[in-house]
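This report concerns only the one structure given below.
The values are calculated or read from the model by the stated rules, or taken from the named source; none is laboratory data. The structure displayed is predicted, hence computed values, not measured ones. Glycine gets a Cβ as well: all are built from the backbone with ideal geometry, and neighbour counts include every protein chain shown.
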Amino acid sequence: MCPRALREALAHFEQKGELAKVKVILPVHLYGTPTNMSEIMLIANEYNIPVVEDAAESLGATINKKHTGTFGSFGVYSFNGNKIITTSGGGALISDNEEQIKLARKLATQARDDAPHYQHSMVGYNYRMSNICAGIGRGQMEVLSNRVDQRRANFERYQNIFKKIGWEVSYQIERAGVYSNRWLSAFYFDPEIFGEKFREDLRLFLDELNIESRPLWKPMHLQPVYEHCIYFGGDNNAERIFNYGLCLPSGSNLREDEWVRIEAGILAFSNKMS
């Protein structure tokens with residue numbers, strides 16, 4: 001989330017007398033790299049709007065040694081199968097507001113009243129994680145730091161490969177005080193350096209070698225389901241990153257023989273483009 005675009009959006013709704021429509025600010029720590037929470041929290045506090053952090057991808061990442069998900073009113077983590085640790089599905093909601101967490105627990109367990117029989121004074125949901133899945137997650141929390149080290153090593157290895165073949169590739173830069181978990185190794189291939197078709201040609205080349213890669217996330221304002229919504233962000237950074245960014249294999253369990261194959265594929269593509 002761009003703080004400038006956030007301020008522009010809030011000023012827009014304030015000018016229209018519709019600031020009350022803004023219920024929450026929801027920044028995302030994309031690909032495990034913390035977003036600019038200091039500026040976002042400054043703006044949120046100025047407008048007195050709660051912040052819910054989407055830290056689904058950033059478990060283990062920090063800003064000045066403070067964990068992502070702990071800056072706003074709430075933080076949300078994902079334990080989906082593709083995340084840095086997993087319970088096979090589900091996630092966690094965190095907050096230092098005890099009353100709100102009690103309410104969340106109640107809503108997640110069918111909003112059952114405190115009675116010996118089933119009684120409901122409000123509508124709830126069955127969002128409970130099973131004890132078995134929770135046990136798996138608690139066990140994996142013990143190796144979280146190892147998983148972060150493995151993902152960061154993946155990112156560093158790609159950078160070394162790019163340096164070896166002379167590619168100037170940058171993305172997910174760690175600002176001062178930021179420590180990314182490098183959940184996903186994602187890179188931006190500047191079209192002014194590499195050309196308009198480079199990213200897609202590389203993706204298709206790797207796909208022919210059965211090496212999976214994919215474009216970066218498609219921005220919300222380009223999704224058909226949100227095409228009717230107003231969008232703030234005139235610099236179009238999100239669109240450029242989507243058009244020219246690529247996610248490369250990033251699993252914690254990549255074997256050395258797989259790395260050899262990935263590096264050989266990238267080198268082969270580089271030689272082809274020379």
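Numbers below:
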read-out	value
Unmet requirement for Asn181, which otherwise passes all of (1) modelled with pLDDT of 95 or more; (2) within 18 Å of Glu239 (Cα to Cα)	(2)
Test for Asn181: is it under 30 Å from Gly90 (Cα atoms), in a loop (DSSP other than H, G, I, E, B), polar (S, T, N, Q) and more than 21 Å from the chain's Cα centre (by Cα)	no
In segment 184-202, the residues that are on the phi < 0 side of the Ramachandran plot and either part of a loop (DSSP other than H, G, I, E, B) or surrounded by fewer than 18 Cβ atoms within 10 Å (Cβ to Cβ) (or both)	Leu184, Phe189, Asp190, Pro191, Glu192, Ile193, Glu196, Lys197, Glu200, Asp201
So Glu46, is it free of Cβ contacts under 8 Å to residues at least 12 places away in the same chain and outside the structural domain of Ile241 (by TED's automatic domain parsing)	yes
Residues (surrounded by 15 or more Cβ atoms within 10 Å (Cβ to Cβ), of a type outside the set (Gly, Ala, Ser) and more than 22 Å from Ser250 (Cα to Cα)) located in segment 131-153	Cys133
Any pair with Cβ under 6 angstrom, 6 or more apart, that starts in segment 80-107 at a residue that is assigned by TED's automatic domain parsing to the domain that holds Asp54 and ends at one that is of a type in the set (A, V, I, L, M, F, W, C) and part of a strand (DSSP E or B)	Leu93/Val76; Ser95/Phe74; Ala104/Leu93
Sole exception among (1) without any contact (Cβ under 8 Å) to a residue 40 or more places away in the chain; (2) assigned to a loop (DSSP other than H, G, I, E, B); (3) touching a Leu at 6+ places or on another chain (Cβ under 8 Å) for Phe232, by number	(1)
